[in-house]
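The values are calculated or read from the model by the stated rules, or taken from the named source; none is laboratory data. Given the structure is predicted, the values throughout are model-derived calculations rather than measurements. Please note: Cβ atoms are built from the backbone with ideal geometry, for glycine as well, and neighbour counts cover all protein chains shown. Calculation scope for accessible area: heavy atoms of the full protein, side chains included, ligands and nucleic acids excluded. Shrake-Rupley method; radii C 1.70, N 1.55, O 1.52, S 1.80 Å.
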Amino acid sequence: GGHARAERNWASGPREAYQPYAANEDGIPAMSRPGAGYRVHTTGLNHAENGFPTQDPEAVERNLTRLLGKFDRHRDAIDSWQTVGCEDADVVIVTIGITARAAMRSIEMCRARGVRAGLFRPITLWPFPEKALREAAGKARAMLVPEMNAGQLSLEVERILGDRQVDAIHRFNGEPITPAEIAERAESLAKTRSAKAASSREAR
């Protein structure tokens, strides 16, 4: 099923008064139909409602607030992610791109050895699907972030999960991270965490 077709808000009224970036109640400016005679100035620079570049702080803030507000209002439609086996996971692996493919295989390897591993793969990175990550992390004892980066993704996961410990595998030499490496680290995390949990239970 595709999305319902939306009808654009088209410009009407006197041409000389037209402001291509003037917000309506819904924050979406009326668009001029090509050829309808409305003048439109488009620039990637910060611009006022008339489309021309501006450095007036109030106009810049007003327009950026409108644009960022669109994200906030439509997060449900924008946020995108995939989860595999997070419902009962002791270790949740958070990863993207080709490393997510390796993580899928590592989950099968872990589960075959009795380690409950799950995968959370963010598809949109900005805005980050924060709510979904918190839900996927659930009651997991450990989070593992394998990435072919210097820690950009693990820092984001730490930011969202607050005090939860996040372990990471960072590699940026061009060699992919293998399923076996991810599985091995996930297993050792599950073991050390369960040992810690048991000892804190005994201490009580």
inquiry  = Under the rule a/c < 1.5 gives rounded, and otherwise a/b versus b/c splits prolate from oblate, where does region 1-67 land using the Cα gyration tensor?
reply    = oblate
remark   = Share (percent) of C-alpha pair distances in region 1-151 greater than 24 Å works out to 55 percent
task = Kindly report the accessible area of region 85-204 per residue (heavy atoms of protein chains, probe 1.4 Å, no ligands, DNA or RNA), in Å².
result = 53 Å²
remark   = Most packed first (mean Cβ within 10 Å per residue), the peptides 130-140, 91-101, 22-32 order as 91-101, 130-140, 22-32
ask   = Round to a whole number: what % of the accessible area of region 1-98 belongs to carbon and sulfur, probe 1.4 Å?
value = 52 percent
query = Counting only DSSP beta bridges with both residues in the chain, what percent are antiparallel, rounded to the nearest 5?
reply = 30 percent
key: Cα centroid separation - region 79-138 against region 163-204, whole Å   = 14 Å
remark   = Computed on Cα atoms, Rg of region 101-159 relative to 2.2 N^0.38 Å comes out at 1.17
query = Karplus couplings for region 137-142 from phi (6.51 cos²θ - 1.76 cosθ + 1.60, θ = phi - 60°), rounded to Hz, Gly and Pro as x?
reply = 5, x, 9, 4, 7, 9
ask   = Can you list the residues, at least 5 places off or on another chain, whose amide H is less than 5 Å from the amide H of residue 82, using H built in the peptide plane?
value = 121, 123
task = Would you kindly work out the equivalent ellipsoid of region 65-143 from its C-alpha gyration tensor and give its semi-axes, the square roots of five times the eigenvalues, largest first in whole Å?
result = 28, 13, 8
message = Kirkwood hydrodynamic radius, region 63-204, all distinct C-alpha pairs: what's the number in Å?
response = 15.8 Å
query = GNM, the chain, Cα, under 10 Å: largest mean-square fluctuation among 122, 20, 179?
reply = 20
task = Return a single number: how many Lys pairs in the chain, at a sequence separation of 8 or more or on separate chains, have alpha-carbon atoms below 22 angstrom apart.
result = 4
query = Pairing the Cα long axis of helix 152-161 with the longest principal axis of the chain, what angle in degrees results, from 0 to 90 and rounded to the nearest 10?
reply = 90 degrees
request  = Run the accessible area of region 125-204 with a 1.4 Å probe and give the carbon-and-sulfur part as a rounded percent.
outcome  = 52 percent
request  = In a Gaussian network model over the chain where Cα atoms closer than 10 Å are linked, find which of 73, 39, 141 has the largest mean-square fluctuation.
outcome  = 39
inquiry  = In whole Hz and in residue order, list the ³J(HN,Hα) couplings for region 110-125 that follow from phi through the Karplus curve 6.51 cos²θ - 1.76 cosθ + 1.60, θ = phi - 60°; x for Gly and Pro.
reply    = 4, 5, 5, 9, x, 9, 7, 10, x, 10, 10, 10, x, 9, 8, 9
